[in-house]
Amino acid sequence: MLKYSVFYLSLFLVSYGSNNLANTLSQTCTFLYDVVGSIAFIMILLSSISYAISQVLPADPRAKVLVYGQNLFVGAILGIILLLIIPEIIAVLIGARSFNPQNCTFST
């Protein structure tokens, strides 16, 4: 529930002052591209560190740390995949022909 609230809050803050949907989506896209890439990098880094640390632990803590690292890695990969797929879906929903990821614009 909290993650949806944060998303809607960020969408509201980004869209404050803009008067069309395409502009709001472009600004939200730019925000997400900036944030998700950094968070995914940190998550992959933490999963690598947790894997390395787990190699020196006994069996039970090793299993817990490995699962934690795998969850971090899968979360980062899913975030990147969603970041690649969702703008294309939004482009179809708003009637745009295509999406340009370099500058987050929807062409109609």
task = Please state which of the following conditions F41 fails to meet, knowing it meets all the rest: (1) aromatic (F, W, Y); (2) at pLDDT below 80; (3) assigned to a helix (DSSP H, G or I).
result = (2)
ask   = In the range 52-64, how many residues are surrounded by fewer than 17 Cβ atoms within 10 Å (Cβ to Cβ) and in a helix (DSSP H, G or I)?
value = 8
message = Out of everything in the range 33-51 that is aromatic (F, W, Y) and either more than 22 Å from the chain's Cα centre (by Cα) or under 11 Å from G79 (Cβ atoms) (or both), what residue ends up being surrounded by the fewest Cβ atoms within 10 Å (Cβ to Cβ)?
response = F41
query = Do you know which residues across the range 78-91 are exposed (fewer than 13 other Cβ atoms within 10 Å of the Cβ) and among the β-branched types (V, I, T)?
reply = I81, I85, I89
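The values are calculated or read from the model by the stated rules, or taken from the named source; none is laboratory data. Just so it is clear, the structure is predicted and the values come from calculations on it, not from any experiment. Heads up, the Cβs are rebuilt from the backbone with ideal geometry, glycines too, and the neighbour counts pull from every protein chain shown.
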